[in-house]
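Asker: First the structure, which I've put down as structure tokens, then a few questions once you've had a look.
The values are calculated or read from the model by the stated rules, or taken from the named source; none is laboratory data. Bear in mind the structure is a predicted one, so any value in this text is a computation, not a measurement. Ideal geometry is used to build each Cβ from the backbone, glycine not excepted, and the neighbour counts take in all protein chains shown. Heavy atoms of the whole protein, side chains included, go into the accessibility calculation; ligands, DNA and RNA do not. Shrake-Rupley method; radii C 1.70, N 1.55, O 1.52, S 1.80 Å.
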Amino acid sequence: MPITPTSKIWMDGTLVDWDDATVHVMTHGLHYGSGVFEGIRAYETKRGSAVFRLQDHLRRLFRSAHVYQMEIPYSQEELTQATEETVLANGLPACYIRPIVYRGYGEMGLNPLPAPVNVSIAVWHWGLYLGEEAVDAGVRRKISAWKRMDHNTLPPGVKATGQYLNSSLAKVEALKGGYDDGILLNQAGYITDGSGANVFIVKDGALATPPFQAGCLDGITKDTVATIARDLGYVVVERNLSRLDLYTAEEAFFTGTAAEVVPIREIDDRATGSGGRGPICKELQEAFFAAVHGEDERYRSWLTFVDD
Ligand code: PMP
């Protein structure tokens, strides 16, 4: 996805011009994937721009850093302010927000601990991740030949930069095969995530999604959609899902900050349900967009208004 530059990027405490937000080629994270990050969205609301579930994303960022023993030199409160400042400085009512914490310049070798920890926050316009058509018509997915890394190789509940090579393998395999994206199984053969999104299916009118233990990321959009679905009266269960569960689902869809809520119309060349967006997915998409745009009072606490 080509990036459209914005004006300012927050780097280690100061806002710098987009073109000056560079790092040295000997940056540790570039060589060893030693970074952790988040993907967050801000949406336009009647009260101005609002960051969606900012504290949940920052908590996950700190958790990821903890696993890799990276001491973030800012508090969650400071990163909250920095995020708001960066959104405001760029004047975008709606944007994608990318905080990244990475091992910087000054050390080489596989022990990352002596390398400095740097932090930056960039924002830019990132519209519909898989395009307008995907939101209505759905996407075609392929179950990947690549397995998702497991709890004892690289912890799948952590958003670390290097770990995303696993997702990229599945994504490229799917694209080259003529699909929109992949779905990764775990070593036991159960469904985990798409390359950058969680999976839901509808079976007998109820929603099912794989548990964290299967090797998924504990997606914030997944939690959002599950909460909204329960509030609408649906049953939502977390259970291991097999390939067959996906092939025979009445509906299936993906959730993620970048992807938002995207129906799956085909998995491994088999039509999902009627082969398009199902009614439950549509209902959840509408309720999700109402929540993120501040149109549903029940979910106001998920919004951080940047100019408050
Ligand atoms: N699974 C993976 C592997 C992801 O990269 C993402 C994107 N962060 C998700 C699920 C969805 O998580 P969230 O809803 O928090 O963006």
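Asker: Just the residues that are at pLDDT 95 or above and open to solvent by 30 Å² or more (accessible area, probe 1.4 Å), please, taken from the stretch 126-142.
Answerer: Arg140, Lys142 - these are the residues of the stretch 126-142 that are at pLDDT 95 or above and open to solvent by 30 Å² or more (accessible area, probe 1.4 Å).
Asker: Related question: Looking at Ala229, Ala197 in this structure, which one is closer than 18 Å to Ala252 by Cα and away from the ligand (no atom under 11 Å from the Cβ)?
Answerer: Ala229
Asker: Every residue in the stretch 200-226 that is assigned to a strand (DSSP E or B) and within 14 Å of the ligand (Cβ to nearest atom), please.
Answerer: Residues satisfying the conditions are Phe200, Thr209.
Asker: Check Leu217, Leu207 and return the single one that is open to solvent by 10 Å² or more (accessible area, probe 1.4 Å) and aliphatic (A, V, I, L, M).
Answerer: Leu217
Asker: Which number in (1) surrounded by 20 or more Cβ atoms within 10 Å (Cβ to Cβ); (2) aromatic (Phe, Trp, Tyr); (3) near the ligand (Cβ under 10 Å from one of its atoms) marks the one condition that Tyr179 misses?
Answerer: Unmet for Tyr179, out of (1) surrounded by 20 or more Cβ atoms within 10 Å (Cβ to Cβ); (2) aromatic (Phe, Trp, Tyr); (3) near the ligand (Cβ under 10 Å from one of its atoms): (3).
Asker: Out of the residues in the stretch 296-308 meeting the condition of being in contact (Cβ under 8 Å) with a residue 12 or more places away in the chain and touching a strand residue (DSSP E or B) at 6+ places or on another chain (Cβ under 9 Å), tell me which one is most open to solvent (accessible area, probe 1.4 Å).
Answerer: Once the filter is applied, the top-ranked residue is Asp307.
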